[in-house]
1. To the nearest whole percent, what portion of all C-alpha pairs in region 70-186 is separated by more than 26 angstrom?
2. In what order do Thr66, Thr142, Thr87 fall by count of nearby beta-carbon atoms within 10 Å, going from fewest to most?
3. What FRET efficiency do you get for Lys154 and Arg132 if R0 is 22 Å and r is their Cβ-Cβ distance, rounded to the nearest 0.05?
Amino acid sequence: MSGSPVLNENGEVIGVHGRSETDNDQSDPTKTVETGFNLGIPINSYLSASSSPNLPNRPTTPRPATTPTADDFIVRGVDKGNKGDNTGAIADFNSALRIDPKNARAYHNRGVARYKSRDNTGAIADYNSALRIDPNFALAYTNRGVSHYILGDKQGAKADLQQAANLARQQKNQKVYQKAVFYIKILGF
């Protein structure tokens, strides 16, 4: 797209995309056809000309790299978990919690990774931590209920799933409500 950065394989800007070269269609002169040539400006040409009064000045110092946030680690952890790397996901959620020890999402997602790793006791501990921080976290109740059931605590499972359904209904969170109700039905509560 015109004006977009052109990146090399390392993600570094090496140019600015220009317009594509076109020609008239031989069979229909009212139509244009891209000829396959794209015009652009090499970044070094732009930077050397940027001291010109007609172009914006380039920064004199590079921008500092930003420090990853807890949310950055959570996003990366969720991605790793979705790809089956639960150990890597847990490590990222641990990093998120070192930055923000009161992040309910980090505890919840670490609980999910522990559940996927068949560590339901650890998962419940993480869901408990998430719920201490956010007692209205309906999905944490749902997932804790499933882990309770797997560990044989049917009363705990039923209470958590009912609480999840009630909260999700109040919050108008249809997806979590349906998940909680599904488990209530399938587990016979």
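The numbers here are math on the coordinates, done by the rules we state, and not lab data. Everything numeric in this text was worked out from a predicted model, so none of it was measured. Here the Cβ positions follow ideal geometry from the backbone for every residue, glycine too, while neighbour counts run over all protein chains shown.
1. Details: 1058 of 6786 pairs.
Value for region 70-186 (Cα pairs over 26 Å): 16 percent.
2. On the way: Thr66 7, Thr142 25, Thr87 11.
Listed from fewest to most nearby Cβ atoms, that is Thr66, Thr87, Thr142.
3. Values: r = 23 Å, r/R0 = 1.06.
For Lys154 and Arg132, the calculated efficiency is 0.40.
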